[in-house]
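Okay, so here's the structure we're looking at.
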Amino acid sequence: MEPFAPDTFGTLNATDYDETQDPGTTDATVDFIYDLMGGTGSALELAIGTGRIGVPLAGRGIAVSGIEGSQDMVDIMRAKPGGADIPVVIGDMADGAIEGTFDHVFLVFNTLFNLLTQEAQVRCFANAAKRLKPGGTFLVETFIPRFDTYIHHQQMKSRTLTRDALMFEAIHHDSATQRLDFQRVHVRADGMTLVPFMMRYAYPCELDLMAQLAGMRLQDRFGGWNKQAFDRESAMHISVYEKPA
Ligand SMILES: C[S@@+](CC[C@H](N)C(=O)[O-])C[C@H]1O[C@@H](n2cnc3c(N)ncnc32)[C@H](O)[C@@H]1O
């Protein structure tokens with residue numbers, strides 16, 4: 001598959017992102033970040049998208065800004081109550097600049113993995129550190145890759161199935177590059193749509209090294225938004241890094 005540009009995800013997904021890709025953890029994510037920030041201060045969301053997290057967090061009084069690769073995603077946010085007031089720079093989260101420094105930077109919903117090389121992910125950690133005030137925190141949420149259900153480096157599963165629609169997903173895994181190539185196939189009575197997607201995964205210990213290269217250190221790690229312990233059964237992690245004061 002051809003590599004993705006920062007705006008490719010939005011071109012393919014913006015119109016139905018909120019309806020079809022809700023992970024069901026939005027309220028818990030907003031609560032977690034709000035509590036981590038002590039209910040005050042400024043936050044920068046890398047890849048703010050349609051404002052799924054940024055808009056409700058701003059609604060609770062946090063001064064939210066964003067960097068986002070897709071104008072199409074931001075246009076959806078702009079139409080939401082409060083969404084027009086959030087300052088956003090259209091750019092690459094790996095190195096995009098924005099005015100000011102922040103108490104907190106966050107990058108949720110596996111989006112770090114949208115950067116398809118280790119080098120780009122390392123730059124993204126450096127960018128987060130650069131945007132933080134001394135003593136500030138950088139939160140990253142990603143899934144923990146597991147391949148026990150893969151056969152011959154691939155997996156196929158249906159995600160939604162109703163009387164008149166089916167969405168299934170094929171994933172190819174390349175362990176040499178830590179890449180996952182997805183094809184989501186939507187089948188309806190009026191036709192079929194293909195929504196491709198790519199990720200470069202990394203385990204938490206690799207992210208800890210990226211943080212270290214950026215001059216940050218791990219403050220806390222959880223296995224879920226309700227502060228579940230992180231252990232070998234965890235399907236995801238929320239890691240909080242801090243920039244020295
Ligand atoms: C899964 S969505 C997450 C959006 C939002 N953070 C949320 O939690 O709902 C991924 C987002 O990353 C954006 N994106 C992908 N690659 C990017 C890049 N290199 N720089 C900035 N944004 C990017 C996409 O446009 C999309 O808005």
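The values are calculated or read from the model by the stated rules, or taken from the named source; none is laboratory data. As the structure is a prediction and not an experimental result, all values here were calculated from the model. Note: ideal-geometry Cβ built from the backbone for every residue, glycine included; neighbour counts use all protein chains shown. SASA here: full protein model, heavy atoms, side chains in, ligands and nucleic acids out. Shrake-Rupley method; radii C 1.70, N 1.55, O 1.52, S 1.80 Å.
Only a single item in (1) surrounded by fewer than 19 Cβ atoms within 10 Å (Cβ to Cβ); (2) near the ligand (Cβ under 10 Å from one of its atoms); (3) among the acidic types (Asp, Glu) is not met by Glu141, and it is number (1). If you check Leu36, Leu46 for being under 26 Å from Ala97 (Cβ atoms), buried (at least 17 other Cβ atoms within 10 Å of the Cβ) and more than 12 Å from the ligand (Cβ to nearest atom), only one passes: Leu36. When restricted to residues that are open to solvent by less than 40 Å² (accessible area, probe 1.4 Å) and within 12 Å of the ligand (Cβ to nearest atom), the stretch 74-92 contains 4.
Go through the stretch 224-237 and report how many residues are within 20 Å of the chain's Cα centre (by Cα) and loosely packed, with under 12 Cβ neighbours inside 10 Å.
Residues in the stretch 224-237 being within 20 Å of the chain's Cα centre (by Cα) and loosely packed, with under 12 Cβ neighbours inside 10 Å: 2 in total.
Count of the stretch 21-47 residues, restricted to those that are in a helix (DSSP H, G or I) and in contact (Cβ under 8 Å) with a residue 40 or more places away in the chain, is 6.
Scanning the stretch 56-73 for residues that are near the ligand (Cβ under 8 Å from one of its atoms) and open to solvent by less than 10 Å² (accessible area, probe 1.4 Å) turns up Ile67, Ser70, Met73. For the residues Phe9, Phe4, the requirement of being touching a residue at least 12 places away in the same chain (Cβ under 8 Å), within 12 Å of the ligand (Cβ to nearest atom), among the aromatic types (Phe, Trp, Tyr) and not in a helix (DSSP H, G or I) singles out Phe4.
Asp164 meets the conditions (1) more than 17 Å from Phe4 (Cα to Cα); (2) free of Cβ contacts under 8 Å to residues at least 24 places away in the same chain in every case but one. The failed one is (2). Here Phe106, Phe102 are screened, and the one residue that is touching a strand residue (DSSP E or B) at 6+ places or on another chain (Cβ under 8 Å), within 11 Å of the ligand (Cβ to nearest atom) and on the phi < 0 side of the Ramachandran plot is Phe106. When the residues of the stretch 43-70 are filtered to those that are small (Gly, Ala, Ser) and over 14 Å from the mean Cα position of the chain (by Cα), the one that is nearest to Leu132 (Cα to Cα) is Ala43.
Go over the candidates Phe147, Phe222, Phe197, Phe182 one by one and state the one that is among the aromatic types (Phe, Trp, Tyr) and touching a helix residue (DSSP H, G or I) at 6+ places or on another chain (Cβ under 8 Å).
Working: Phe147 fails: touching a helix residue (DSSP H, G or I) at 6+ places or on another chain (Cβ under 8 Å); Phe222 fails: touching a helix residue (DSSP H, G or I) at 6+ places or on another chain (Cβ under 8 Å); Phe182 fails: touching a helix residue (DSSP H, G or I) at 6+ places or on another chain (Cβ under 8 Å).
Sole residue among the options that is among the aromatic types (Phe, Trp, Tyr) and touching a helix residue (DSSP H, G or I) at 6+ places or on another chain (Cβ under 8 Å): Phe197.
Quick one: count up the residues across the stretch 195-223 that are open to solvent by less than 30 Å² (accessible area, probe 1.4 Å), in contact (Cβ under 8 Å) with a residue 60 or more places away in the chain and assigned to a loop (DSSP other than H, G, I, E, B). Total satisfying the criteria: 4.
Residue selection: Thr101 fails the criterion of being hydroxyl-bearing (Ser, Thr, Tyr), open to solvent by less than 10 Å² (accessible area, probe 1.4 Å), touching a residue at least 12 places away in the same chain (Cβ under 8 Å) and over 24 Å from Tyr203 (Cα atoms). Considering only residues in the stretch 163-194 that are assigned to a loop (DSSP other than H, G, I, E, B) and modelled with pLDDT of 95 or more, the one that is surrounded by the most Cβ atoms within 10 Å (Cβ to Cβ) turns out to be Gln178.
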